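Asker: I'd like to ask you about the structure that follows.
Every number in this text was worked out from the coordinates using simple rules, so none of it is lab data. It should be emphasised that the depicted structure is a prediction, and the values quoted were computed from it without experimental measurement. Positions of Cβ are backbone-derived with ideal geometry, glycine not excepted, and every protein chain shown enters the neighbour counts.
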């Protein structure tokens, strides 16, 4: 008989619940992903999944194929009842599955820069949905390396993770990097640095086809921090018609990245 966890006082249940708090995630170096598509994406992208918790009161069609993959990769799983899954979940209507995943801690040495490299620098992005969407867009546009400054929302915030749709597993992301360290790395590795700014040169008039570069995108309301603004950085902007002053930061980042793609012929 297969054991099903039914008690809210179960130690595993309480531990997963604790990981919904940032402090606990940081101490344990773990995070939670939820939903069938997200867990499937994690398995597909070889995420360091430690354990899966699943409620099979109404077994979905996705379970058997996923079960085969879990067994193939020797990923343990536990069956829980619906009440327990709701307790562990950060959503009001959980889909029936979640997983505990180990955080991957990258360093500057993991950024292998060549002539085609694009490093995305996110400075003080505060909205979880924006950060997640930007990361998804970055992956789709061919970016592999992302740096986050200390003022940026927690990478492992559940809303951020849901918005990435699994992109977090395929990017080399360095959270909590000081702007001066980022600029020092760019200088040492000879990356040309661009910064999104309404006072900049139109992106379509800027030659982006050659050499490694870094793109700085700033806070939704204030833009990039003073250290970036005071640095010797080329500023670029997106021309806008009909007196529109600004775009959502995720939308703007997508336009900037795909202009880089267009000029470089990556895709």
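Asker: May I ask you to derive the FRET efficiency for residue 37 and residue 103 from their Cβ-Cβ distance with R0 = 25 Å, giving the value to the nearest 0.05?
Answerer: That pair, residue 37 with residue 103, gives E of 0.75.
Asker: In whole percent, what relative contact order does segment 137-230 give with Cα contacts below 8 Å and a gap of six or more residues?
Answerer: Across segment 137-230, relative contact order equals 24 percent.
Asker: Of all beta bridges DSSP finds with both residues in segment 108-264, what is the antiparallel percent, to the nearest 5?
Answerer: 5
Asker: Which of 246, 163, 109 ends up with the largest GNM mean-square fluctuation for the chain, with Cα atoms connected below 10 Å?
Answerer: It is 109.
Asker: Between residue 63 and residue 9, what length in nm is gained on full extension when 0.36 nm per residue of separation is reduced by their alpha carbon distance?
Answerer: 16.8 nm
Asker: Still on this model: Compare 169, 38, 185 in a GNM of the chain, Cα atoms joined below 10 Å, and give the one with the largest fluctuation.
Answerer: For the chain, modelled as a Gaussian network with Cα springs under 10 Å, the answer is 185.
Asker: For Cα pairs less than 8 Å apart in space and 6+ apart in sequence, what is the mean separation divided by the residue count of the chain, i.e. the relative contact order in percent?
Answerer: Computed over the chain, the figure is 19 percent.
Asker: Tell me the mean residue ellipticity at 222 nm calculated for the chain from its helices only (DSSP H runs of n ≥ 4, each -39500 (n - 2.57), averaged over every residue, nearest 500).
Answerer: -10000 deg cm²/dmol
Asker: Given 20 °C and 1.002 mPa s, compute D for segment 134-256 with the Stokes-Einstein relation, Rh being the Kirkwood radius over Cα pairs; round to the nearest whole µm²/s.
Answerer: This corresponds to a translational diffusion coefficient of 140 µm²/s.
Asker: Does segment 39-92 come out rounded, prolate or oblate by the C-alpha gyration tensor, with a ≥ b ≥ c the root eigenvalues, rounded set by a/c under 1.5 and, if not, prolate when a/b is larger than b/c and oblate if not?
Answerer: Note, shape of segment 39-92 comes out prolate.
Asker: What is the ratio of the Cα radius of gyration of segment 62-215 to 2.2 N^0.38 Å, with N the residue count, to two decimals?
Answerer: 1.26
Asker: Let me make sure I get this right: for segment 4-102, a, b and c are the square roots of the gyration tensor eigenvalues over alpha carbons, sorted descending. Under 1.5 in a/c it's rounded, otherwise prolate if a/b > b/c, else oblate. Which is it?
Answerer: oblate
Asker: Specify the residue with the greatest mean-square fluctuation among 56, 161, 215, computed from a Gaussian network of the chain linking alpha-carbon atoms under 10 Å apart.
Answerer: Evaluated over the chain, the most mobile residue of the options is 56.
Asker: Further, regarding this structure: Among the DSSP beta bridges whose two residues both lie in segment 4-102, what percent are antiparallel, rounded to the nearest 5?
Answerer: 65
Asker: Another question, then. Counting DSSP beta bridges in the chain, what percent are antiparallel, to the nearest 5?
Answerer: Percentage antiparallel, nearest 5: 30.
Asker: With 10 angstrom as the radius, rank 204, 258 by how many other C-beta atoms surround their C-beta, starting from the fewest.
Answerer: Fewest-to-most Cβ neighbours within 10 Å comes out as 204, 258.
Asker: What does the chain give for Rg and for Dmax, in Å, if only its C-alpha atoms count?
Answerer: Rg, Dmax (Cα atoms, Å): 20.6, 67.
Asker: Distance in nm between label sites at residue 50 and residue 246, each 7 Å beyond Cα in the beta-carbon direction?
Answerer: Here the modelled spin labels are 3.9 nm apart.
Asker: Determine the shape class of segment 115-174: with a ≥ b ≥ c the square roots of the Cα gyration tensor eigenvalues, call it rounded for a/c under 1.5, and otherwise prolate if a/b is greater than b/c, oblate otherwise.
Answerer: The shape class here is oblate.
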